[in-house]
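Peer 1: Below are the C-alpha cells for one structure; questions will follow.
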Amino acid sequence: MKLRILVLLICVLLSTNVLAKKSKTLKIPAGSNIPTLGMAVDASYDPQTDGIIPGYRILSVAITNNSIDIFQMDRDRDNWVVNDLKGKKHQAIMDLKKDDPEFYIALPAKLRKLIEYPTIIQVGETAVLDLLFKDSVRLEGFRSVKFLNPITKTSFEIMAQD
C-alpha cells in the first residue's frame, strides 16, 4: 500500500513539474497593465532615433514593476523578438558590448550607459529598455514584441496599437 502511494505521489509531482515548465505567452496591447504579473508594459518605435547609433534602429520598451518583488532580467538569457509589419521575426540585440565590442567601445560613455540592459527592475520602478536591431530591420508599423524571461518564466507579447 505504501508503495502505491509513493508511486502515485511521484507521478503527481512529475506531471505537475512538466506542466509548470510550460510557459503560456500572454498577448497584451501596448500600454497595458498586467495584474497577474504585477507590471505594466509599453513599446514604441520612433524613426527620429534611427541616427543615434549608426547602423542600428532602436525599439523602446517600458516596463513598470507594480509587484512587491524585484523583477530580475538577464541580458544573456532573456529573449526579445519583434514581429515586423510583414510578419517576419527579428531577434533584438540586447548587449552591444558582446555583439560588437569594438563599435560599443567607440560609443560615447553616456550613450553606452543609456543603452545598458538592466539586471533588475526595482519595485515601483519604470525601466526603459532600448532594444537594438540592425538598420535593415524595418520597425515602422511593427506588429508585436515578444519577451521571454527564463529566470521568472515570464512570457508576454506586446501587441502594437494602431
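Peer 1: Could you give every pair whose Cβ atoms fall below 8 Å, whose first residue belongs to region 84-96 and is under 21 Å from ASP74 (Cα atoms), and whose second residue is surrounded by fewer than 16 Cβ atoms within 10 Å (Cβ to Cβ) and among the aromatic types (Phe, Trp, Tyr), counting only separations of at least 6 or pairs across chains?
Peer 2: So the pair list comes out as LEU96/PHE103.
Peer 1: Only one of LEU85, LEU111, LEU129 is in a loop (DSSP other than H, G, I, E, B), of a type outside the set (S, T, N, Q) and surrounded by 12 or more Cβ atoms within 10 Å (Cβ to Cβ). Can you tell me which?
Peer 2: Exactly one of LEU85, LEU111, LEU129 is in a loop (DSSP other than H, G, I, E, B), of a type outside the set (S, T, N, Q) and surrounded by 12 or more Cβ atoms within 10 Å (Cβ to Cβ), namely LEU85.
Peer 1: I want to confirm something. Restricting to region 132-142 and keeping residues that are of a type in the set (D, E, K, R) and under 11 Å from TYR56 (Cα atoms), which single residue is surrounded by the most Cβ atoms within 10 Å (Cβ to Cβ)? Lay out the reasoning, then the answer.
Peer 2: Taking region 132-142 first, the residues of a type in the set (D, E, K, R) are 134-135, 138, 140.
Checking which are under 11 Å from TYR56 (Cα atoms) leaves us with 134-135, 138.
Details: LYS134: 11, ASP135: 11, ARG138: 16.
If we take residues in region 132-142 being of a type in the set (D, E, K, R) and under 11 Å from TYR56 (Cα atoms), then ARG138 is surrounded by the most Cβ atoms within 10 Å (Cβ to Cβ).
Peer 1: If I go through region 114-126 residue by residue, how many of them are surrounded by fewer than 16 Cβ atoms within 10 Å (Cβ to Cβ) and under 19 Å from GLY51 (Cα atoms)?
Peer 2: 2
Peer 1: If I filter region 129-160 down to residues being more than 10 Å from the chain's Cα centre (by Cα) and of a type in the set (Val, Ile, Thr), which single residue comes out as modelled with the lowest pLDDT?
Peer 2: THR152
Peer 1: Look at LYS98 and say whether it is at pLDDT 95 or above and either surrounded by 14 or more Cβ atoms within 10 Å (Cβ to Cβ) or over 13 Å from VAL61 (Cα atoms) (or both).
Peer 2: Judged against the criteria, LYS98 is not a match.
Peer 1: Taking region 137-162, which residues are assigned to a loop (DSSP other than H, G, I, E, B) and either among the β-branched types (Val, Ile, Thr) or touching a residue at least 60 places away in the same chain (Cβ under 8 Å) (or both)?
Peer 2: VAL137, LEU139, GLU140, PHE142, ARG143, PRO150, ILE151, THR152, LYS153, ALA160, GLN161
Peer 1: Let me ask you something else. Please count how many residues of region 29-74 are within 13 Å of the chain's Cα centre (by Cα) and of a type in the set (Asp, Glu).
Peer 2: Residues in region 29-74 being within 13 Å of the chain's Cα centre (by Cα) and of a type in the set (Asp, Glu): 2 in total.
Peer 1: While we're looking at this one, here's another question. Here is a check on your reading of the model: is ARG57 over 17 Å from PRO29 (Cα atoms) and assigned to a strand (DSSP E or B)? Spell out the reasoning first.
Peer 2: Working: over 17 Å from PRO29 (Cα atoms): yes; assigned to a strand (DSSP E or B): yes.
The answer is yes for ARG57.
Peer 1: Give the residues of region 106-136 that are farther than 27 Å from LEU37 by Cβ, touching a residue at least 24 places away in the same chain (Cβ under 8 Å) and not charged (D, E, K, R), sorted by residue number.
Peer 2: Result: LEU107, LEU111.
The values are calculated or read from the model by the stated rules, or taken from the named source; none is laboratory data. A quick note: this is a predicted structure, and the numbers were derived from the prediction, not measured. Heads up, the Cβs are rebuilt from the backbone with ideal geometry, glycines too, and the neighbour counts pull from every protein chain shown.
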